[in-house]
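Worksheet: the structure to be examined is printed underneath.
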Amino acid sequence: MTQSTQTSSQTPTSSPKLWKFHGGIHLPDEKALSNQGPVVEAKLPTQLVIPLAQHIGAPARPCVQPGERVFKGQMIGEPQGYVSAPVHASSSGVVRAIEPHAMPHPSGLPAPCVIIDTDGEDAWAPDRPEPVADFQSLDAEALRARIRMAGIVGLGGASFPSSVKLNPGQDQPIDTLVLNGAECEPYITCDDLLMRERASEVVTGARILLHLLGTGRVLIGIEDNKPEAIAAMRQAVAEQQAQTPAQLEVVEIPTLYPSGGEKQLIRILTGREVPTHGIPAQIGVVCQNVATVAAVADAVLRGQPLIERYVTVTGRGIAQPGNFRVRVGTLASELIAASGGYSGELAKLIAGGPMMGMTLQGDAVPITKAMNCLLALTPAESPDPGPAMPCIRCGQCAQVCPTSLLPQQMYWHARAKDLDKVQDYNLFDCIECGCCAHVCPAHIPLVQYYRYAKNESWAREREKQASEHAKRRHEAREARLERLERERKAKLRKKKEAITPKTKAAPGQSAAVGGAEQSSVSSAADTKTDTAKTDTAGSVQ
């Protein structure tokens, strides 16, 4: 367990106590590339490619047909199951097709998308939910339903359906709401600009969640390399503090990667540790990204589903880095063109940041709810580390791991495909932040090994579940056949028992008749014998 530290006062009126998490690294933030200007409204594209799977859980099921006219904000994909989220049209137009399209994924494999030819009218759906002037008039269930049907998911990168996260259950009382404004990964500045320009909406969204959760405190954590965002948020809190009995506090935290990780930020702000294989609700905390909270305000107060988001387009491979307000479904290529296109040689294009983002095969992929950044790196920014060398057991990976794991041991067992052993070292506590790989002098792609081990473990678990399911079905079938056989035999036995008395009476009756007939024959024979004797006697005389 790490030692807690008392920090200096971060606000004129309070001295919040901050805690440290284990490990972490200092990285060049490179945020000045894109945070110098205001957010630009991206041009409405002529075609939108809207994926049906933009969240953790079951993908949405299409509820429109090719050739159908749709409107802005209209649901085009309905949720399937509890852990799912609907998908909405980002603008009005006509559905051209529902077909697979390349997705922002390292594999480049296609996934089902609704392709819409926009009409330029940008007309809202007539059945758009009515705005709510007083959110306090709605109960928690109504607010959750509104958030769910607005398709809101985590916009910090995890894309977990927010309505599920905001339903911890009655046995999990929540006392603290944590808003994540850390944005710790280099290059990304969309949350920074969001807090500067829409601080009031963020605070209003926080008040909505406080009302929904029945929570008395909200802590807004922002790294100290975002002074403008901190000032804007503090002003918005001061303006709205009188409208809520809860405590709202903006907390300035040290810049250290990955302080924006959910478990790490909770540790910094509250000193509490999320248990292994656990969730923050188990320790009385719910954590939401600031962009997610702003989307909640849009859904509740304006009846607007999640159809757009802020996206950072940056890197020295981009001519004019900046931030854009983008419709979901806009192709990345159009956003890059709006940024002046590529400049110079491009080493790689990443969806997300340089540490946890995924390298794309091309830019013909749509912007999704989870994509917060398009990062174009030059060879100078992303040099080839060269081939991996043998591990020298230096231990640097363990020193920087923010979840206090043993990356070296996990690597050895993952490499040996010993999945049970690697899980013994709490594999699934790894947040894949990349700190271990960043400091590894042997250039071993450690995170890739952990992802491999996770995927193999999940696959094995699915096979185990499928095998157990098949076994249960087989046993149920055998039991059913055995029961049917018992029932058949029981019916046959009852039938035999029903006809057994009749069968016993028939032989008796047959014997009596046979005896009578035999008696009659004997009597007749005797009569004939007596007659014969009489005749014989008469003749002799």
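The values are calculated or read from the model by the stated rules, or taken from the named source; none is laboratory data. Computed from a predicted structure; not experimentally measured. Cβ placement follows ideal geometry from the backbone for every residue including glycine, while neighbour counts extend to all protein chains displayed.
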Being farther than 28 Å from Val83 by Cα and either buried (at least 21 other Cβ atoms within 10 Å of the Cβ) or among the basic types (Lys, Arg) (or both) is the filter here; which residues of region 215-226 pass it? Ile222, Glu223, Lys226
What's the number of the condition Trp124 fails, among (1) among the aromatic types (Phe, Trp, Tyr); (2) touching a Pro at 6+ places or on another chain (Cβ under 7 Å); (3) surrounded by fewer than 18 Cβ atoms within 10 Å (Cβ to Cβ)? (2)
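Take region 194-211 and flag every residue that is among the aliphatic types (A, V, I, L, M) and either surrounded by 21 or more Cβ atoms within 10 Å (Cβ to Cβ) or under 30 Å from Cys435 (Cα atoms) (or both).
Filtering region 194-211 for residues among the aliphatic types (A, V, I, L, M) gives 194-195, 199, 202-203, 206, 208-210.
Within region 194-211, Leu194, Met195, Ala199, Val202, Val203, Ala206, Ile208, Leu209 meet the criteria.
Please count how many residues of region 248-286 are over 20 Å from Gly24 (Cα atoms) and in a strand (DSSP E or B). So that I can check it myself, show each step before the final result.
Keep residues of region 248-286 that are over 20 Å from Gly24 (Cα atoms), which gives 248-250, 277-286.
Narrowing the set further to residues that are in a strand (DSSP E or B) leaves 248-250, 285-286.
Residues in region 248-286 being over 20 Å from Gly24 (Cα atoms) and in a strand (DSSP E or B): 5 in total.
Go through the residues of region 88-97 one by one and say whether even a single one is surrounded by fewer than 16 Cβ atoms within 10 Å (Cβ to Cβ) and in contact (Cβ under 8 Å) with a residue 40 or more places away in the chain. Give the derivation first.
Residues of region 88-97 that are surrounded by fewer than 16 Cβ atoms within 10 Å (Cβ to Cβ), as a first pass: 94, 96-97.
Now restrict to residues that are in contact (Cβ under 8 Å) with a residue 40 or more places away in the chain: 96.
Yes, some residue in region 88-97 is surrounded by fewer than 16 Cβ atoms within 10 Å (Cβ to Cβ) and in contact (Cβ under 8 Å) with a residue 40 or more places away in the chain.
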Could you list all residues from region 127-149 that are hydrophobic (A, V, I, L, M, F, W, C), out of contact with any Gly (no Cβ under 8 Å at 6 or more places or on another chain) and either loosely packed, with under 14 Cβ neighbours inside 10 Å or over 28 Å from Leu44 (Cα atoms) (or both)? Ala133, Phe135, Leu138, Ala142, Leu143, Ala145
Please enumerate the residues belonging to region 444-459 that are in contact (Cβ under 8 Å) with a residue 24 or more places away in the chain and of a type in the set (Val, Ile, Thr). Ile444
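Would you call Arg128 of a type in the set (Lys, Arg), in contact with an Asp or Glu (Cβ under 9 Å, 6 or more places away or on another chain) and either touching a residue at least 40 places away in the same chain (Cβ under 8 Å) or in the same structural domain as Thr368 (by TED's automatic domain parsing) (or both)? First the steps, then the outcome.
Values: of a type in the set (Lys, Arg): yes; in contact with an Asp or Glu (Cβ under 9 Å, 6 or more places away or on another chain): no; either touching a residue at least 40 places away in the same chain (Cβ under 8 Å) or in the same structural domain as Thr368 (by TED's automatic domain parsing) (or both): yes.
Here the answer is no, as Arg128 does not meet what is asked.
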Have a look at Met355, Met389 and point out the one that is assigned to a loop (DSSP other than H, G, I, E, B), surrounded by fewer than 17 Cβ atoms within 10 Å (Cβ to Cβ) and touching a Pro at 6+ places or on another chain (Cβ under 9 Å). Met389
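Report the residue count in region 73-111 for those that are in contact with an Asp or Glu (Cβ under 7 Å, 6 or more places away or on another chain) and of a type outside the set (A, V, I, L, M, F, W, C). Spell out the reasoning first.
Filtering region 73-111 down to residues in contact with an Asp or Glu (Cβ under 7 Å, 6 or more places away or on another chain) leaves 86, 90-96.
Next, only the ones that are of a type outside the set (A, V, I, L, M, F, W, C) stay: 86, 90-93, 96.
Adding up the residues that qualify gives 6.
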Single condition Asp363 does not satisfy, out of (1) touching a helix residue (DSSP H, G or I) at 6+ places or on another chain (Cβ under 6 Å); (2) in the same structural domain as Asn455 (by TED's automatic domain parsing): (2)
Yes or no: region 335-350 includes at least one residue that is part of a loop (DSSP other than H, G, I, E, B) and of a type in the set (Lys, Arg). no
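Residue-by-condition table, conditions (1) over 30 Å from Val274 (Cβ atoms); (2) more than 29 Å from the chain's Cα centre (by Cα); (3) in contact (Cβ under 8 Å) with a residue 24 or more places away in the chain:
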{"site": "Asn323", "(1), (2), (3)": "yes, no, yes"}
{"site": "Ser339", "(1), (2), (3)": "yes, yes, yes"}
{"site": "Ser382", "(1), (2), (3)": "yes, yes, yes"}
{"site": "Cys391", "(1), (2), (3)": "no, yes, yes"}
{"site": "Asn426", "(1), (2), (3)": "no, no, yes"}
Counting only residues that are surrounded by 24 or more Cβ atoms within 10 Å (Cβ to Cβ) and aliphatic (A, V, I, L, M), how many does region 77-87 have? 2
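Within region 169-180, is there a residue that is in a helix (DSSP H, G or I) and charged (D, E, K, R)?
Keep residues of region 169-180 that are in a helix (DSSP H, G or I), which gives none.
No, that holds for no residue.
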Is it the case that some residue within region 439-456 is touching a strand residue (DSSP E or B) at 6+ places or on another chain (Cβ under 8 Å), surrounded by 10 or more Cβ atoms within 10 Å (Cβ to Cβ) and either part of a loop (DSSP other than H, G, I, E, B) or not polar (S, T, N, Q) (or both)? yes
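So that you can scan it fast, the table gives a plain yes or no per residue for (1) out of contact with any Gly (no Cβ under 9 Å at 6 or more places or on another chain); (2) crowded, with 19+ Cβ neighbours inside 10 Å:
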{"site": "Ser162", "(1), (2)": "no, yes"}
{"site": "Thr176", "(1), (2)": "no, yes"}
{"site": "Leu179", "(1), (2)": "no, yes"}
{"site": "Asp192", "(1), (2)": "no, yes"}
{"site": "Leu213", "(1), (2)": "yes, yes"}
{"site": "Glu228", "(1), (2)": "yes, no"}
{"site": "Gln235", "(1), (2)": "yes, no"}
Inspect region 438-452 for any residue being of a type outside the set (Ser, Thr, Tyr), out of contact with any Asp or Glu (no Cβ under 9 Å at 6 or more places or on another chain) and closer than 25 Å to His277 by Cβ and give the result as yes or no. yes
Can you tell me which residue is surrounded by the fewest Cβ atoms within 10 Å (Cβ to Cβ) among those in region 278-315 that are out of contact with any Gly (no Cβ under 9 Å at 6 or more places or on another chain) and on the phi > 0 side of the Ramachandran plot? Gly284
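Conditions tested, residue by residue: (1) out of contact with any strand residue (DSSP E or B) (no Cβ under 7 Å at 6 or more places or on another chain); (2) modelled with pLDDT of 95 or more; (3) buried (at least 19 other Cβ atoms within 10 Å of the Cβ).
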{"position": "Ser34", "(1), (2), (3)": "no, yes, yes"}
{"position": "Val40", "(1), (2), (3)": "no, yes, no"}
{"position": "Leu48", "(1), (2), (3)": "no, yes, yes"}
{"position": "Ala53", "(1), (2), (3)": "no, no, yes"}
{"position": "Ala58", "(1), (2), (3)": "no, no, no"}
{"position": "Gln74", "(1), (2), (3)": "no, yes, yes"}
Restricting to region 106-130, give me the number of residues that are farther than 22 Å from Arg325 by Cα and either of a type in the set (Ser, Thr, Tyr) or part of a loop (DSSP other than H, G, I, E, B) (or both). 8
